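Note sheet for the following structure.
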Amino acid sequence: MKAAAFTYARATSVVNALELLAAHGDKAKVLSGGQSLMPAMNLRLVSPDIVVDIGGLTELRGIAVSGDVLAIGALTRHVDLLRSPEVAAHAPLLRDAVAHVAHPAIRNRGTVGGSLAHADPASEIPACMAALDATIVVRGPGGERRIATAEFFRGIYETALSPQDLLVAVELPLSGEGARFFFQEYARRHGDYAIVGLAARALVGGGQFTDLRLGFFAVGDRPLLADAARKLINVSVTPALLAETAAALAEELDPEEDQQASPAMRRHLATVLMRRCVAALLERPELETGGAW
């Protein structure tokens with residue numbers, strides 16, 4: 001199949017893009033990298049009257065450290081995250097995750113903003129942003145506003161963006177001393193959509209977690225920042241405590257059944273990833289299997 005007929009407009013600036021979105025409302029779609037939008041249009045899953053191409057807006061590209069924030073422009077490509085020394089230094093979780101996003105051809109075109117705006121619950125980047133406590137920067141008719149990740153994702157392919165809004169950047173707090181990161185996913189083949197995945201950021205001191213953020217994906221209708229992680233903060237983690245936390249996590253999850261996995265399988269795999277994550281971050285391999293000290 002091919003896309004239904006549509007009008008194409010190439011934005012010349014962010015202001016121009018916002019004018020086009022204001023004029024056409026929910027009949028418009030924003031085109032950045034096109035790796036999600038174009039397949040959806042070709043399958044007639046979406047049929048916009050007009051496509052607003054923002055791909056030429058260099059002002060929305062780039063990665064920079066400003067004060068205590070790592071800022072990433074919405075049109076920054078996945079491959080740019082892999083190559084960025086700033087990301088390697090301050091948000092290596094993104095570098096690790098992007099290596100699992102589809103294949104090189106997709107990573108060369110796909111953008112950070114496009115991934116976030118698409119809001120696929122099986123996508124790696126949204127879960128990373130939840131784990132990293134990111135802020136989404138949006139411009140609209142009322143000016144610029146900042147939205148916490150927890151408030152930005154609202155359901156399957158649903159976000160806090162209105163039809164007149166444009167996602168322009170992401171801001172990440174710089175990692176503090178003792179920060180550690182973990183990323184792993186289960187997929188049938190490398191590059192396939194994840195069956196279950198986990199992106200985590202932790203602060204470790206004295207052999208304990210002083211902070212722990214577990215961002216799961218492909219386990220519900222949006223990335224999930226697990227409440228169960230609180231059980232592991234500022235305590236000595238034992239196999240018994242980890243088993244209790246795994247049970248709490250399984251209760252917290254509400255995964256869907258699809259052709260890849262049942263809800264029970266996803267819950268099980270999520271708890272396995274949590275055990276691996278905790279063992280790796282604390283550098284205590286015996287915790288992965290619940291073994292003795």
When region 73-107 is examined, which residues are found to be more than 22 Å from residue 59 (Cα to Cα) and of a type in the set (Lys, Arg)? 95
Name every residue in region 76-91 that is surrounded by fewer than 16 Cβ atoms within 10 Å (Cβ to Cβ) and either in contact (Cβ under 8 Å) with a residue 40 or more places away in the chain or in contact with a helix residue (DSSP H, G or I) (Cβ under 8 Å, 6 or more places away or on another chain) (or both), in order of residue number. 88
Return a yes/no flag: does region 190-197 have any residue that is within 26 Å of residue 101 (Cα to Cα), charged (D, E, K, R) and outside the structural domain of residue 153 (by TED's automatic domain parsing). yes
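For region 184-195, check the following and say yes or no: at least one residue is hydroxyl-bearing (Ser, Thr, Tyr) and modelled with pLDDT of 95 or more.
Yes, some residue in region 184-195 is hydroxyl-bearing (Ser, Thr, Tyr) and modelled with pLDDT of 95 or more.
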For region 27-60, which residues satisfy the criterion of being over 14 Å from residue 166 (Cβ atoms) and of a type in the set (D, E, K, R)? 27, 44, 49
Of a type outside the set (S, T, N, Q), in contact (Cβ under 8 Å) with a residue 40 or more places away in the chain and more than 16 Å from residue 165 (Cβ to Cβ): is that true of residue 118 in this structure? no
So, in region 58-101, exactly how many residues are in contact with a strand residue (DSSP E or B) (Cβ under 7 Å, 6 or more places away or on another chain) and either outside any loop (DSSP other than H, G, I, E, B) or more than 17 Å from residue 113 (Cα to Cα) (or both)? 19
Single residue of region 129-151 satisfying the filter (part of a helix (DSSP H, G or I) and in contact with a Lys or Arg (Cβ under 9 Å, 6 or more places away or on another chain)) that is surrounded by the fewest Cβ atoms within 10 Å (Cβ to Cβ): 130
Just to be sure I understand the filter: pairs with C-beta atoms under 8 Å, separated by 6 or more residues or on different chains, first member in region 206-233 and closer than 11 Å to residue 270 by Cβ, second member among the β-branched types (Val, Ile, Thr). Which pairs pass? 216/196; 217/196; 218/195; 218/196; 219/196; 228/245
I'm trying to understand the selection: among the residues of region 256-281, which are buried (at least 21 other Cβ atoms within 10 Å of the Cβ) and either under 17 Å from residue 209 (Cβ atoms) or modelled with pLDDT under 95 (or both)? 273, 274, 277, 278, 281
Kindly provide the set of residues from region 253-293 that are without any contact (Cβ under 8 Å) to a residue 24 or more places away in the chain and of a type in the set (Ser, Thr, Tyr), ordered by number. 262, 289
Of the conditions (1) surrounded by fewer than 16 Cβ atoms within 10 Å (Cβ to Cβ); (2) under 30 Å from residue 208 (Cβ atoms), residue 192 clears all except one; give me its number. (2)
Suppose we keep only residues that are touching a Ser or Thr at 6+ places or on another chain (Cβ under 9 Å) and of a type in the set (Gly, Ala, Ser) within region 132-168. Which one would you say is farthest from residue 211 (Cα to Cα)? 140
Is one or more of the residues making up region 232-251 hydrophobic (A, V, I, L, M, F, W, C) and in a loop (DSSP other than H, G, I, E, B)? yes
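The values are calculated or read from the model by the stated rules, or taken from the named source; none is laboratory data. It should be emphasised that the depicted structure is a prediction, and the values quoted were computed from it without experimental measurement. All Cβ positions, even for glycine, are placed from backbone atoms using ideal geometry, and neighbour counts span all protein chains on display.
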